[in-house]
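The values are calculated or read from the model by the stated rules, or taken from the named source; none is laboratory data. What you are looking at is a predicted structure, and each value in this text was computed from that prediction instead of being measured. We place every Cβ from the backbone using ideal geometry, glycine too, and count neighbours over all the protein chains shown. Note: areas computed on protein heavy atoms with side chains; ligands, DNA, RNA excluded. Shrake-Rupley method; radii C 1.70, N 1.55, O 1.52, S 1.80 Å.
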Amino acid sequence: MRLIQAVRGMNDILPREISWWQRVEATAREILEDFGYREIRTPLVEKLELFARSIGESTDIVEKEMYAFPDRKGELLGLRPEATASIVRAFIQHNLHADPLVNKFYAIGPMFRHERPQKGRYRQFHQIDAEAFGIDDPMLDAEVMYMLHLFLQRLGMEGVVLHINSLGCTECRPAYRGLLQSFLADHAEALCPDCQRRRHTNPLRVFDCKVDRCQSVLQEAPVLLQSVCSACSAHFDRVQNCLQGLKTAFLVNPRMVRGLDYYMRTTFEVITDQLGAQNAVGGGGRYNGLVKDLGGPDIPGIGFAIGMERLILLLQQGSGISSVSPHVFVAALGEASRRRAFLLVQELRKEGVAADMEYEGRSLKSQMRRADKLAVSHVVILGEDELNRGEVQVRDMISKTQEVHALESVVQAMVKFHGKRHPCPVG
Ligand code: HAM
């Protein structure tokens, strides 16, 4: 019989990898909440028009990568390729701007882009996304990047570089667009067919082109950063000063344009050289016109998203976080001890300590092997003699030392070591 497999580019996240995901998510929530962001959950499906109007009709995401389909009534829908458009829609639809105290949001979840799958690039992938509304001050731009930097630092991530750029505004970008178009017209015959088209529809997008000969033409192209107006230039200077004040290292990259049309002024990406072609771990920027363009009030916004698969690949590759979760294994010998061990495991779990045992009455050696495989930090050993004396042996699996504890107080000792994860509200 032919086996049914998952859709190409869409991956299962298996129990053996899940602790990385949980750790990354927990760290993100911790930091985002400390910076005043509150979680928002929006649908995975939106009207297709939302993405076309926000991300841009002539971007690769909308032109080539959307999962788009008519529903049973013929309405055109799309699986979300990113979270910003949906959050802005919800922000407007629910009048969230009416509450000035809650103007920062985050979302964690799957996104969909029909790209060619390879390492670090999938058709269903996950983002941690953060959006802040209502503040136009460059201090916020720097704060957002600082928060991203702090997040990566807390995960133990090394070797990534923060690239920043300014994409100007509606005042200065049109003049640059003209300049770039005439440069591209002069080099038209050297451009790939996609860029031939882009130079008329959306010339800035040529910088995203992966074709080598286009990239070599673009080495000579004028860059936007040199054409931005004095207000944009002052904004960008302040962003850099603030980042320096926050001791957050960055590199100005005038050729970084980002793949979405809603940006203006500050844009940024976190780049790695350890994932081959998929070198962006996260990216974002300011999008002051977007809320208004989608029918809301004229409210500025800025945000970013991190690709969780890429982040976790990097953490697994490097010396980042450990996937070992605190865990106690109770090993028992003899029927009476097994019955007592069973109660002990439940007591530990009730107190919020992840605990397990072996139910089949195997030898102590076999139970220790299992404990080892589970990578627990402590094994509580309960034999017949110990049970009679009201004692247990506690083996620290990291330091490989062992000591005797009173059976009565071992739960409290483990709680003290591991902390109460989920204290039981009843009983
Ligand atoms: P983006 O640069 O398109 O920005 O995506 C952000 C991150 O998502 C990328 O840096 C990458 O790590 C990850 N990513 C994108 N596509 C894939 C894929 N096919 N497979 C795996 N990972 C992927 C945005 O999505 C904007 N909404 C960010 C933003 C928020 N700007 C303002 N607010």
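Its Cα gyration tensor gives the stretch 161-208 an equivalent ellipsoid; the semi-axes, largest first and in whole Å, are 21, 15, 9. Rg and Dmax, both from the Cα atoms of the stretch 229-334 and both in Å, are 20.5, 81. Within the accessible surface of the chain, defined with a 1.4 Å probe on protein heavy atoms only, the carbon and sulfur portion equals 52 percent.
Work out how much length GLN244 to HIS200 would gain on full extension: take 0.36 nm times their residue separation and subtract the Cα-Cα distance, in nm to one decimal.
12.0 nm
Taking GluC sites (Glu not before Pro) across the stretch 145-221, the ones in a DSSP loop with at most 15 further Cβ atoms lying within 10 angstrom of their Cβ are GLU158, GLU171, GLU220. On the basis of the beta-carbon distance and an R0 of 22 Å, GLU33 and LEU101 show a calculated FRET efficiency of 0.95.
What's the long-distance tail for the chain, i.e. % of Cα pairs beyond 29 Å? For the chain, the share of Cα pairs beyond 29 Å comes to 56 percent. Karplus-derived 3J(HN,Hα) values for the stretch 182-199, using 6.51 cos²θ - 1.76 cosθ + 1.60 with θ = phi - 60°, are 6, 4, 5, 5, 5, 10, 3, 5, 8, 8, 6, x, 4, 6, 4, 6, 4, 5 Hz; glycine and proline are entered as x.
Shown for the stretch 1-108 is the translational diffusion coefficient from the Stokes-Einstein equation, using the Kirkwood radius over Cα pairs, a temperature of 20 °C and a viscosity of 1.002 mPa s: 128 µm²/s. The residues of the stretch 328-418 have, on average, 54 Å² of accessible surface per residue, using a 1.4 Å probe with all protein chains present.
Excluding GLY178 itself, what net charge comes from residues whose Cβ is under 14 Å from its Cβ, given Lys and Arg +1 and Asp and Glu -1? Result for the neighbourhood of GLY178: +1.
Each label point was placed 7 Å from the Cα along the Cα-to-Cβ direction; for GLU403 and SER366 their separation is 3.2 nm. Here the mean projected area of the convex hull built on the C-alpha positions of the stretch 133-246 is 9.1 nm². 3J(HN,Hα) along the stretch 15-25: x, 5, 9, 5, 5, 4, 5, 5, 5, 4, 5 Hz, from the Karplus curve 6.51 cos²θ - 1.76 cosθ + 1.60 with θ = phi - 60°, whole Hz, x for Gly and Pro.
The packing ranking, built from the mean of other Cβ atoms within 10 Å per residue, places the peptides 206-217, 260-271 in the order 260-271, 206-217, highest first.
Computed from Cα atoms alone, the Kirkwood hydrodynamic radius reported for the stretch 328-418 is 12.7 Å.
When ranked by the protection proxy of mean other Cβ atoms within 10 Å per residue, highest first, what sequence do the peptides 343-353, 53-63 form?
So the peptides 343-353, 53-63, ranked by packing, come out 53-63, 343-353.
Is the C-alpha gyration tensor of the stretch 124-186 telling us rounded, prolate or oblate? Criteria: a/c under 1.5 is rounded; beyond that, a/b larger than b/c is prolate, otherwise oblate.
Prolate.
The protection proxy used here, the mean number of other Cβ atoms lying within 10 Å of each residue, ranks peptides 79-87, 236-244 as follows, highest first: 79-87, 236-244.
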